[in-house]
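Worksheet: the structure to be examined is printed underneath.
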Amino acid sequence: MSRDLNVSSTSEWPPNDARDEYLARWEIAVLTSMFLVTLVGNTLILLALYVRRRYQRRKFTRMYLFILHLSVADLLTGLLDILPQLAWDITFRFQGGPVVCKLIKYGQPFGLYLSSYILTVTAMDRYHAICHPFSYCSTSRRSKMMVYGSWVLAAVLCVPQIFIFSYTEISPGVWECWATFYQEYGERAYITWYSVTQFLLPFIVLVYTYSRICMSIWTSSKISGVADLKRSNKPSFCQRFRDPVISKAMINTVKQMIIVVTLYIVTNIPFIGCELWATWDSKATSSPFFTGAAFTILSLLNSLTSCVNPWIYFAFNKELRAALTNFFCRKKDYSLTYDIDTRQNASDATSSTSSFISRISRLASSKIFG
């Protein structure tokens, strides 16, 4: 099984002091590629946030707070998970000793937990902003508390790694950072717990929140149209120009939901699926797939989500792309470029949220006053 989680007991998987060097080179190539993509992507995100804040002098909104913490979480995944695993694959056997073993095993899942929970609280924040806009206006502190809570929860969930893993002599003269379970059900319980807390629960929240957001947008669009028709049989100037805006925002939100949820599934299923299958299927260890190269490579992809997250935000946020373009092209008039990009950024989630809040407010006013 993957040494990232490495939850096989020594009694179930007798080690030998040899390996397939051809497969090892592929493992090193995959881990190196993942590390570079994660490092470059998230460094660019942090640089774009710095340029936007330093040169454009713009307010650091809640959405950019979430992007900042998500990039830090993904960067920690690269540094604490992928990089140690890469060094481990290069040296074949663990070379760090007992203290480093426990520190590395504590840090490896930390970024993964944190990244999943930051994505989750981001979705919850968007849900409150669009589905409950009146209460959202006074919840900036709640957003920060959700972010800080994600850090604490991720740190707490990594604690079992310290007790499960130890620097163990797995054969005469061969030491390894190894997981040992003394109860027969221990391995299955831990793998299942990890899968539920790191993947399944965040996935359920993502699907629920983004589904409700799409439903809210659709409902707001229909209610807004009905209100205008009741006032006058002749479409007003506002009505003629409102529907295209709502439709564009709706399409953008649906696209974001599909991309975020789909990529979250695609990037997590390879590792989670392999681990659950290998743990729960009693015949897995005798399967050719288990001993083959495909299983080994798939078991290394637990950090794939951190590779794609920064590129999703670059794809949907013109401000971040413009900030990097201005920085690398040495353009001095950051504020002018920012204003132009902001007017054109109708597809950005933050702008979409503001437009819906204002529409709901106008609708509420029309109901109250007349």
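Structure above, values below:
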item	result
Sole residue being charged (D, E, K, R), at pLDDT 85 or above and either open to solvent by 80 Å² or more (accessible area, probe 1.4 Å) or not in a helix (DSSP H, G or I) (or both), chosen from Arg321, Arg330, Arg343	Arg321
Residue that is at pLDDT 95 or above, touching a helix residue (DSSP H, G or I) at 6+ places or on another chain (Cβ under 9 Å) and either crowded, with 21+ Cβ neighbours inside 10 Å or outside any loop (DSSP other than H, G, I, E, B) (or both), where the choices are Ala73, Ala48	Ala73
Residue match in segment 133-141 (condition: within 26 Å of Thr305 (Cα to Cα) and buried (at least 19 other Cβ atoms within 10 Å of the Cβ))	no
Residue ID - modelled with the highest pLDDT, chosen from residues in segment 237-253 that are of a type outside the set (D, E, K, R) and open to solvent by less than 50 Å² (accessible area, probe 1.4 Å)	Asn252
Condition met for Tyr113 (part of a helix (DSSP H, G or I), surrounded by fewer than 22 Cβ atoms within 10 Å (Cβ to Cβ) and within 24 Å of the chain's Cα centre (by Cα))	no
Boolean, Glu187 is open to solvent by 10 Å² or more (accessible area, probe 1.4 Å), of a type in the set (Asp, Glu) and either under 20 Å from Gly273 (Cα atoms) or assigned to a strand (DSSP E or B) (or both)	yes
Those residues of segment 85-110 which are aromatic (Phe, Trp, Tyr), under 30 Å from Gly173 (Cβ atoms) and in a helix (DSSP H, G or I), in sequence order	Trp88, Tyr106
Cross-chain or 6+ apart pairs with Cβ under 6 Å, segment 90-104 first and open to solvent by less than 60 Å² (accessible area, probe 1.4 Å), then hydroxyl-bearing (Ser, Thr, Tyr) and not in a helix (DSSP H, G or I)	Cys101/Tyr167
Within segment 265-300, considering residues that are open to solvent by 20 Å² or more (accessible area, probe 1.4 Å) and touching a residue at least 40 places away in the same chain (Cβ under 8 Å), the one farthest from Thr77 (Cα to Cα)	Thr285
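Conditions tested, residue by residue: (1) touching a residue at least 40 places away in the same chain (Cβ under 8 Å); (2) touching a strand residue (DSSP E or B) at 6+ places or on another chain (Cβ under 7 Å); (3) open to solvent by less than 40 Å² (accessible area, probe 1.4 Å); (4) not in a helix (DSSP H, G or I).
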{"position": "Ile28", "(1), (2), (3), (4)": "yes, no, no, no"}
{"position": "Leu31", "(1), (2), (3), (4)": "yes, no, yes, no"}
{"position": "Leu36", "(1), (2), (3), (4)": "no, no, no, no"}
{"position": "Leu44", "(1), (2), (3), (4)": "yes, no, no, no"}
{"position": "Arg52", "(1), (2), (3), (4)": "yes, no, yes, no"}
{"position": "Thr77", "(1), (2), (3), (4)": "yes, no, yes, no"}
{"position": "Leu83", "(1), (2), (3), (4)": "yes, no, no, no"}
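Here is a yes/no grid of residues against (1) surrounded by fewer than 19 Cβ atoms within 10 Å (Cβ to Cβ); (2) touching a strand residue (DSSP E or B) at 6+ places or on another chain (Cβ under 8 Å); (3) at pLDDT 95 or above:
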site: Leu153; (1), (2), (3): yes, no, yes
site: Ile162; (1), (2), (3): yes, no, no
site: Glu169; (1), (2), (3): yes, yes, no
site: Leu206; (1), (2), (3): no, no, no
site: Thr209; (1), (2), (3): no, no, no
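The values are calculated or read from the model by the stated rules, or taken from the named source; none is laboratory data. Because the structure is predicted, anything quoted here is derived from the model rather than measured. Cβ sites come from the backbone with ideal geometry, for glycine too, and all protein chains shown count toward neighbours. Note: accessible area is taken over every heavy atom of the protein model, side chains too, but ligands, DNA and RNA are not part of it. Shrake-Rupley method; radii C 1.70, N 1.55, O 1.52, S 1.80 Å.
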